[in-house]
Amino acid sequence: MIPYPDIDPIALQLGPLAIRWYGLMYILGFGVAWWLGRRRAARPGSDWTAEQVDDLIFYGALGVIIGGRLGSILFYNFDAWLRDPIMLLRVWEGGMSFHGGLLGVMLAMWFYGRKLGRGFWAVTDFLAPIVPLGLAFGRIGNFINGELWGKPTDVPWAFVVDGVARHPSQLYQAALEGVALFLVLWFYSATRPPRMAVSGAFALGYGVFRFLVEFVRLPDAHIGYLAFGWLTMGQLLTIPLIGLGIVLLWLAYRPARRGV
């Protein structure tokens, strides 16, 4: 068992300004996505420019922040928001939803694609491989914040939190939804698969990894388990994502499409 290091969530205090690790993880995630996007744009045969990648990351960041915050309120904290509407603006307190952020990014990519004159799937196929490492940094931010812990366990790598040994579910998600998914998509996208395939692989891969980790992650205390007494809100929101990934991959590789 490993004692949780109880890291101070504030990385640096400058007078009244508190710089939090959680926010720094988001900045790091956007920075890595920008660097990876420029590397993808520099590949032979790419029709993306460095300047277009810069704008892509800007629009994507807006989608993540706005969509993630709205999703957190609508999916997980709607009743609390009704009692305290200003909580929507207190982003420094944490509370971001992947599914809300995904919807926000999809809307941002649709808008940016129209501005560039590119199809929606052309934009998301380019973006998908550079997203997972940002997700990994976000989960590390959750770990530093001491939130979203897993269920009690006796595995040797468990972290002891308030006297209870728990699965480090944030680190599981960082490893699977972050590092593993990045490696799969990065190398898969280099094979130049058909349109929609990379987007489909992202949706399917993230969905499966998230669904599995939810089995060892504690549900939100104010929501608990939902369908069948064991499905969490995260799993219910992820099931459509898995279905979308399967449909996109089928559409990408269906015989009629390959024969065109």
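The numbers here are math on the coordinates, done by the rules we state, and not lab data. Everything numeric here is computed off the predicted structure, so don't read it as measured data. Ideal geometry is used to build each Cβ from the backbone, glycine not excepted, and the neighbour counts take in all protein chains shown.
Hey, fewest Cβ within 10 Å first, where do L62, L56 land in order? Could the numbers behind the result be given before it?
On the way: L62 16, L56 24.
Listed from fewest to most nearby Cβ atoms, that is L62, L56.
With the simple model of a label 7 Å out from the Cα in the direction of the Cβ, S46 to L12 spans 2.9 nm. Annotation: extensible slack from W230 through L107 equals 41.1 nm (criterion: 0.36 nm per residue apart, minus Cα-Cα distance). Spin-label pair V247-D220: with each label point 7 Å from Cα along the Cα-Cβ axis, the two points sit 2.5 nm from one another.
Between A80 and A180, the modelled label-to-label distance comes to 2.9 nm, taking each label 7 Å out from Cα in the direction of the beta carbon.
The gain in end-to-end length when the W157 to R39 segment is fully stretched comes to 38.9 nm, 0.36 nm per residue minus the alpha carbon separation. The peptide list 201-210, 74-83, 24-33, 137-146, put in order of mean Cβ contacts within 10 Å with the highest first, becomes 201-210, 137-146, 24-33, 74-83.
Distant-in-sequence amide contacts of F159, defined by a placed amide H-H separation under 5 Å and a gap of 5 or more residues or a different chain, comprise I2, R166.
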